[in-house]
Amino acid sequence: MPYTIITNYIPASLYPLKATYPMTPEYITIHNTANDATAINEIAFMTRNTAATSYHVAIDDKHAVQAIPFTRNGWHAGDGQGAGNRKSIGIEICYSESGGTKYANAEANAIDYIARLLKQYGWGLDRVKWHRDWSGKKCPHRIIDEGRTSAVHNAIAKRLSELSGPTPPKEDVRMFNPSSATLKLAYEQFLLDALKEGLISDKWLIEFKAGKLSLDDALALKVIIDQRK
């Protein structure tokens, strides 16, 4: 499902409570909200309440709303001063209480969003954690209850692979390599004559002598020199 990314940061005045420390992220932590509120409403509630609990992004079927910069921590992993709270980006997937189509679309959007974060940071799937990994809490509850932790991991890996794209094959470059010393000397003299006449730069003679002149360039040089005479 296409979704819109919204940046709606909490006020800096809330940092001491909800985004206390500077952070260099090392992980992404996945949560389920355990209610049926939209991402916009989730962020609004987190911003206005007086609890320290906080996370970086809420994602539903239409929006991914970021409330805390990835350079500040959130209190979402339940591990105190551990790496979950201090070094991971907290992602809440909305509509998890009732499930259904809205939740399925929210999860699909979260999979895409997380894969894009992995690509952005140059990370692999090992950087993706469940809330449960940090504190033992059964969260993300719907993914765990439905026995789909491996399926979601695989979906993120698949999307990351799609975003990264195949590595283009390296084009083979054939070097110009005359089959005999006579031919090599003849071509070298051909280049020397062209150089003396100011038809080419010495770059081409240097590359030829170093064995770095490609066959395509050697053929093109012949055409260029003939045209300039």
Restricting attention to region 203-217, which residues are outside any helix (DSSP H, G or I) and either of a type in the set (D, E) or surrounded by fewer than 17 Cβ atoms within 10 Å (Cβ to Cβ) (or both)?
A210, G211, K212, S214
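For every residue, the table says whether it meets (1) over 20 Å from the mean Cα position of the chain (by Cα); (2) not in a loop (DSSP other than H, G, I, E, B).
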residue: A34; (1), (2): yes, no
residue: I43; (1), (2): yes, yes
residue: M46; (1), (2): yes, yes
residue: A52; (1), (2): yes, no
residue: Y55; (1), (2): yes, no
residue: D61; (1), (2): yes, no
residue: G74; (1), (2): yes, no
residue: S96; (1), (2): yes, no
residue: Y113; (1), (2): no, yes
Name the single residue that is surrounded by the most Cβ atoms within 10 Å (Cβ to Cβ) among those in region 66-104 being without any contact (Cβ under 8 Å) to a residue 60 or more places away in the chain and of a type in the set (V, I, T).
I68
Would you confirm, using the coordinates I've provided, whether N154 is assigned to a helix (DSSP H, G or I), polar (S, T, N, Q) and in contact with an Asp or Glu (Cβ under 9 Å, 6 or more places away or on another chain)?
no
If D61 meets every condition in (1) open to solvent by less than 40 Å² (accessible area, probe 1.4 Å); (2) touching a Leu at 6+ places or on another chain (Cβ under 9 Å); (3) more than 21 Å from R132 (Cβ to Cβ) apart from one, which number is that one?
(2)
In region 165-223, how many are modelled with pLDDT of 85 or more and at positive phi?
1
List, please: which pairs have Cβ atoms under 8 Å, are six or more places apart or on different chains, and start with a residue in region 6-30 that is farther than 28 Å from D61 by Cα and part of a loop (DSSP other than H, G, I, E, B) and end with one that is open to solvent by 80 Å² or more (accessible area, probe 1.4 Å) and of a type in the set (S, T, Y)?
M23/T71; T24/T71
Take the residues of region 177-202 that are under 46 Å from the mean Cα position of the chain (by Cα) and under 18 Å from Q227 (Cβ atoms): which is most open to solvent (accessible area, probe 1.4 Å)?
S201
Any residue that is charged (D, E, K, R) and under 21 Å from A115 (Cβ atoms) - is there at least one of those in region 19-30?
yes
Name the single residue that is nearest to Y95 (Cα to Cα) among those in region 1-47 being surrounded by fewer than 17 Cβ atoms within 10 Å (Cβ to Cβ) and among the acidic types (D, E).
D36
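The values are calculated or read from the model by the stated rules, or taken from the named source; none is laboratory data. Since the model is a prediction, treat every value here as computed from it, not as a measurement. As a convention, Cβ positions derive from the backbone with ideal geometry for all residues, glycine included, and neighbour counts pool all protein chains shown. Surface areas here come from the heavy atoms of the whole protein model, side chains and all, with no ligands, DNA or RNA. Shrake-Rupley method; radii C 1.70, N 1.55, O 1.52, S 1.80 Å.
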